[in-house]
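Some notes on the structure that comes next.
The values are calculated or read from the model by the stated rules, or taken from the named source; none is laboratory data. What you are looking at is a predicted structure, and each value in this text was computed from that prediction instead of being measured. Here the Cβ positions follow ideal geometry from the backbone for every residue, glycine too, while neighbour counts run over all protein chains shown. The protein model used for the area step is the full one, side chains on, heavy atoms only, and it has no ligands, DNA or RNA in it. Shrake-Rupley method; radii C 1.70, N 1.55, O 1.52, S 1.80 Å.
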Amino acid sequence: MLKRKPLIAAIVVVVGAVGWYAFRPEKLFVNEAVNEEFPAANANSSNAPQAIYSGSFHGVAHETNGTATIYRLPDGKRVLRFTNFATSNGPDVNVYLVAADHANDNETVTNAGFVSLGSIKGNVGDQNYDLPANLDLNKYRSVVIWCKRFGVNFGTAPLTAT
């Protein structure tokens, strides 16, 4: 019986460490704020960034707010910008563009196809994501905040032309 206690204690420690790594419970209480500046542009209105698509975030599995706007910069690059953005924090949260008019559930994201723009920079604040040059914006019409670890759609912003 005494020899089992160290084994049981070791199992509890391992299970606890794996559970912490998988769920990252501290992220439920800690916001990661970011406040990126908008890419610099000439004040001349003919050379200013142009908003080409925009949409408002709404929550799916977690409350999510703010605006997603795709801009064309004077040099031709396109940037996705979040303004007044807020969502829940979590492990392995990413930004996806989804090939659907409205990715309002998990199945739409996984079935319609998506392009990952990488890990979310912060769960609160203004932030920018560069878009691939060859990305077809007629196909990818929703922005999704996606938790890869659990396959969950935190929130979405359907995009419409501006």
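Summary of values
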item	result
Some residue of segment 27-49 being small (Gly, Ala, Ser), open to solvent by less than 70 Å² (accessible area, probe 1.4 Å), under 17 Å from the mean Cα position of the chain (by Cα) and at pLDDT 90 or above	no
Unique residue being within 14 Å of residue 78 (Cα to Cα), free of Cβ contacts under 8 Å to residues at least 40 places away in the same chain and open to solvent by less than 70 Å² (accessible area, probe 1.4 Å) when the list is 131, 117, 135	117
Of residues in segment 53-66 being open to solvent by less than 20 Å² (accessible area, probe 1.4 Å) and part of a strand (DSSP E or B), the one nearest to residue 142 (Cα to Cα)	55
Tally of residues being assigned to a loop (DSSP other than H, G, I, E, B) and touching a helix residue (DSSP H, G or I) at 6+ places or on another chain (Cβ under 9 Å) across segment 89-113	7
Residue list for segment 67-86, restricted to those being surrounded by fewer than 20 Cβ atoms within 10 Å (Cβ to Cβ) and not hydroxyl-bearing (Ser, Thr, Tyr)	72, 73, 74, 75, 76, 77, 78, 79, 84, 86
Some residue of segment 124-135 being aromatic (Phe, Trp, Tyr) and out of contact with any strand residue (DSSP E or B) (no Cβ under 7 Å at 6 or more places or on another chain)	no
Pick from segment 86-100, criterion farther than 15 Å from residue 60 by Cβ and modelled with pLDDT of 95 or more, ranking: nearest to the chain's Cα centre (by Cα)	97
